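Student: Pasting a structure below so you can have a look.
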Amino acid sequence: MRRSSPNGFGPDYFRFNRRRFLLYGTMTAVSGVFPASILAAVERFITPQKNLFFYNTHTQENLEVCYYRQGHYRSKALTQINYILRDHRTNEIRPIDTQLLDLLNDISSRFQNRSPLHVISGYRSPASNAKLRRKSKKVAAFSLHMKGKAIDIRLPGCPTRILREAAVNLRRGGVGYYPRTDFVHVDVGRVRHW
């Protein structure tokens, strides 16, 4: 049986072999000499594809999709993601920021958990946001959900405090922790947490 560390990361996450060491060392040396376009080409080689797996808790829809391959976002996959993350109250769809998708990919890749990210709230229309705000002052008046830059999630089999810790450690935006309702908010706004 494979053991995982107390923080929820699997043993392969910390494995640093010779090949990876040489790759990162070369990238570090090259980054000081070559322009960003060359570094982007290197990133395409290192990260040939990115995948996401969603389960919408309101519509019971699943989506497992490769949304990025060899340096390019795949428009069909982005359309599918926009649909599953739509406002379930109004069925309005808005493009989801690719920085948010990359953040979700980085968060989920830290766990050896094949469960989908459970979506509590993806895109939120202004009307839905106003309705939720009338019920709770914890809902921001100018929520990043309305811009496709925020999502509320949980990961089955992973305590939300561990999920929160992983998101906070990435320092790529806002992270909210809601233990009573068992979800974590992540966004690609300024770095902050609550």
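The values are calculated or read from the model by the stated rules, or taken from the named source; none is laboratory data. Remember, it's a predicted structure, so these values are computed and weren't measured experimentally. So basically every Cβ, Gly included, is an ideal-geometry build from the backbone, and we count neighbours across all protein chains shown.
Student: Need pairs with beta-carbon distance below 9 Å; first residue within 16 Å of Phe54 (Cβ to Cβ) and within region 142-160, second at pLDDT 95 or above and of a type in the set (Lys, Arg); sequence gap 6+ or separate chains.
Tutor: Here the result reads His145/Arg124; Gly148/Arg94; Ala150/Arg124, each pair linking region 142-160 to a residue that is at pLDDT 95 or above and of a type in the set (Lys, Arg).
Student: Also, I was wondering about something else. Touching a residue at least 24 places away in the same chain (Cβ under 8 Å), among the polar types (S, T, N, Q) and not in a strand (DSSP E or B) - does that describe any residue in region 162-171?
Tutor: Looking through region 162-171, none of the residues is touching a residue at least 24 places away in the same chain (Cβ under 8 Å), among the polar types (S, T, N, Q) and not in a strand (DSSP E or B).
Student: Oh, and also: Can you confirm whether region 152-163 contains a residue that is small (Gly, Ala, Ser) and closer than 20 Å to Arg86 by Cβ?
Tutor: So far as region 152-163 goes, no, none of its residues is small (Gly, Ala, Ser) and closer than 20 Å to Arg86 by Cβ.
Student: Pairs under 9 Å by beta carbon, first residue at negative phi and among the hydroxyl-bearing types (Ser, Thr, Tyr) in region 95-122, partner surrounded by fewer than 22 Cβ atoms within 10 Å (Cβ to Cβ) and part of a helix (DSSP H, G or I), six or more apart or different chains?
Tutor: Filtered contacts from region 95-122: Thr98/Leu78; Ser109/Tyr13; Ser121/Ser128; Ser121/Leu132.
Student: Check whether at least one residue in region 65-80 is β-branched (Val, Ile, Thr), under 16 Å from the mean Cα position of the chain (by Cα) and in a strand (DSSP E or B), and report yes or no.
Tutor: Scanning region 65-80, I find at least one residue that is β-branched (Val, Ile, Thr), under 16 Å from the mean Cα position of the chain (by Cα) and in a strand (DSSP E or B), so the answer is yes.
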